[in-house]
Amino acid sequence: MAIKLKPNSANYLTERGICYLILEDDDKAMLDFNKAITLKADYAKAYHYRAVTKKFKENVKGACEDFKKA
């Protein structure tokens, strides 16, 4: 519901992405983390969880790059 009120909130998108990650919906999680980073390029939490998602998808190089940005 919060995202409907503030669809451009990097925080809300990241939190929803974490929920998707817990539900093992990596693709939806990745979309939310990417959008959060687009909205707020220095948002460490979004980079961290995008790195976790990339690691789950066996993209170790991409995960390392995001962990460095986090």
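Observations on the structure shown:
- Structure-derived log10 I(q)/I(0) by the Debye sum over Cα atoms at q = 0.14, 0.23 Å⁻¹ - corresponding label in [x] -0.35, -1.01; [y] -0.52, -0.92; [z] -0.35, -0.90: [z]
- Mean sequence separation of contacting Cα pairs (under 8 Å, at least six apart), scaled by the length of the chain, corresponds to a relative contact order of 26 percent.
- Among the listed pairs LYS28/LYS55; LYS4/LYS68; LYS28/LYS68; LYS40/LYS69, those whose Cα-Cα separation exceeds 20 Å are LYS4/LYS68; LYS28/LYS68.
- Cα gyration tensor, region 30-70 - rounded (a/c under 1.5), prolate or oblate: oblate
- Here is how the number arises for the chain: DSSP H runs of 4 or more residues each give -39500 (n - 2.57), the sum is divided by the residue count, and the result at 222 nm is -23000 deg cm²/dmol.
- Of the GluC sites (Glu not before Pro) found in the chain, those in coil by DSSP whose Cβ has at most 10 other Cβ atoms within 10 Å are GLU24, GLU58.
- Under the span-like rule (Cα at least 15 Å along the axis, Kyte-Doolittle mean at least -0.5), DSSP H helices of the chain: 10-22, 26-39
Any read-out appearing in this document is the output of simple, stated calculations on the displayed coordinates, not a laboratory observation. In this text the structure is predicted, and so the values were computed from the model without any measurement. For neighbour counting, all protein chains shown are included, and Cβ atoms are generated from backbone atoms with ideal geometry for every residue, glycine included.
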